[in-house]
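Presented below is the structure to which this report refers.
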Amino acid sequence: MTYTMRRVVWVVVYLLFVLFPLLTLLLGSLPPARDFWTEFSAALGYSGLAIMGLQFGITARFRYVTEPWGEDIIYHFHRQISLLAVALVIVHPLIMAAVHPELLEVPELSEAPWGAVAAFFSLFSLIAMVVTALWRAKLKIPYEVWHLSHITLALIAVAGGLFHMVGWSFYLANPWKRALWFGLTIFWVGLLLYVRIIKPLFMLRRPYRVTEVREERGDTTTLVMQPEGHDGFHFRTGQFGWLTVLGSPFKITAHPFSFSSSAAVTDGSVEMSIRNLGDFTREIPKTRVGQRVYLDGPYGSFTIGNPANMHVLIAGGVGVTPMMSMIRTLADRGDKRTVILFYGSKDWDLITFREELEALEARLDLKVIHVLADPPAEWSGERGFISADVLIQHLPAPYAAHEYFICGPDAMMDAIERALAQLDVPMSKYHAERYSFV
Ligand SMILES: Cc1cc2nc3c(=O)[nH]c(=O)nc-3n(C[C@H](O)[C@H](O)[C@H](O)COP(=O)(O)OP(=O)(O)OC[C@H]3O[C@@H](n4cnc5c(N)ncnc54)[C@H](O)[C@@H]3O)c2cc1C
């Protein structure tokens, strides 16, 4: 099945999962109808809860589901659709309060019906989730703390929503409908258990050993990892995995990194090249040879596949790692197609893989164009940032005939995407991997 067909199938499945529980409320005997706004507001609440519950599935890292889109798109969707779900759930009590102001006459908390208390907890958790997700960096919440609180708040929000619906006992007075919503909630939480317990259990039985720790230019360390007691997995160039270095795979500390090694290697070993950018990556150079690590992967669809007369790779900083895997793989496979790498770096001394790229230019039809933001005085190459002008300077027209791969800092990727649009390159011809999921 092509990626497009798989996308259509998953969109239909997604819509069914969102709409089905809502539509089942209308089956069988119905309670006496209420005014339009009350019913409308209830529909918003139910839809919001169904969308929120499905978020556990969207982030469950089901490779078959995420592959046609790419993980970054899935996480982007997760963020945007969450905002919609939260908006629906917040509008629900606002409408109810406007239509039934008597509901606002809150008794003592101890006297409040438990359906209302559950709604309060659900709503509070949702608002806390939005605030901490949107302003995590500003609030200086460490990533791992945020991740754990995000999961906890999501569980409280969904459980609170369900108990509110049952407590209110209007549509869910019917035991079959109540059972359906309980079953659905168990299914959603099961998706979370799958990614946090079942998958780590599986990974525990498939550990890796670090066989080499290689220092690279540009404050970057390459870890070479060998499967221990199993055959490992096969990845495609440009894909990535989740790495756990210290502790067991049950810990919430897995970080995503592209594979930088050749996909043509057959002994199961994989390499990741990791730049020191924060508290987790800072510890990577201290990794010892022989240390046990865990890998969950491969993921992503940032892979060379479509036929093209030329592959144009555009990398900024550590965004070069998936490109390195592509180039090494093409070299190992003796691929004769032309590859051109535009590689943006700060200065000459910090160019990760600089010498190896020079060596690879002799092994395949590869041309590397370095673009330096802070070049030495004698530098005669490209200066500043990769732009439409730089691309025009080095690429043969028609530009739409080539296949483009972009990976780097967000600002660079936005600029390149605009530059490609300027060169009339259709979106189907370029592929992007963003290193920011959150
Ligand atoms: C698909 C993908 C592939 C990547 N490949 C590479 C690579 O090959 N080499 C490389 O050096 N970097 C790569 N990165 C970036 C790398 O994952 C982050 O730099 C790293 O996780 C930062 O962690 P930290 O704790 O050191 O930094 P922090 O300062 O704690 O985090 C910096 C930012 O990284 C993100 N981040 C932190 N922890 C996680 C986590 N557990 N999961 C997801 N995001 C997190 C958050 O947005 C955070 O704000 C990749 C990212 C993605 C999404």
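Points worth noting:
- Only residues that are in a strand (DSSP E or B), surrounded by 19 or more Cβ atoms within 10 Å (Cβ to Cβ) and touching a Leu at 6+ places or on another chain (Cβ under 7 Å) were counted in segment 208-222, giving 1.
- Restricting attention to segment 31-84, the residues that are surrounded by fewer than 17 Cβ atoms within 10 Å (Cβ to Cβ), part of a helix (DSSP H, G or I) and more than 16 Å from the ligand (Cβ to nearest atom) total 10.
- The conditions of being surrounded by fewer than 21 Cβ atoms within 10 Å (Cβ to Cβ), within 14 Å of the ligand (Cβ to nearest atom) and modelled with pLDDT of 95 or more are not met by PRO322.
- Per-region count, segment 262-306, residues modelled with pLDDT under 90 and either assigned to a strand (DSSP E or B) or of a type in the set (D, E, K, R) (or both): 2
- Counted as qualifying within segment 308-374 are the strands (runs of 3 or more DSSP E) with 2 or more residues that are assigned by TED's automatic domain parsing to the domain that holds LEU391 and more than 21 Å from PHE240 (Cα to Cα), namely 338-345, 366-372.
- Segment 255-270: number of residues that are crowded, with 22+ Cβ neighbours inside 10 Å and near the ligand (Cβ under 10 Å from one of its atoms): 4
- Screening LEU243 with (1) among the aliphatic types (A, V, I, L, M); (2) over 22 Å from the mean Cα position of the chain (by Cα); (3) within 10 Å of the ligand (Cβ to nearest atom) gives one miss only, at (2).
- Residue in segment 294-317 that is within 16 Å of the ligand (Cβ to nearest atom), polar (S, T, N, Q), within 24 Å of HIS402 (Cα to Cα) and surrounded by 19 or more Cβ atoms within 10 Å (Cβ to Cβ) present: yes
- Segment 379-390: number of residues that are in a loop (DSSP other than H, G, I, E, B) and not aliphatic (A, V, I, L, M): 6
- Every residue from segment 228-251 that is touching an Asp or Glu at 6+ places or on another chain (Cβ under 9 Å) and surrounded by 15 or more Cβ atoms within 10 Å (Cβ to Cβ): GLY232, GLY238, PHE240, GLY241, TRP242, LEU243, THR244, VAL245, PRO249
- Per-region count, segment 128-151, residues free of Cβ contacts under 8 Å to residues at least 12 places away in the same chain and of a type in the set (D, E, K, R): 2
- Selected residue (criterion: farthest from the ligand (Cβ to nearest atom)) from residues of segment 391-438 that are aromatic (Phe, Trp, Tyr) and not in a strand (DSSP E or B): TYR399
The values are calculated or read from the model by the stated rules, or taken from the named source; none is laboratory data. What you see is a predicted model, and the numbers here were worked out from it, not measured in a lab. Neighbour counts run over all protein chains shown; Cβ positions are idealised from the backbone, glycine included.
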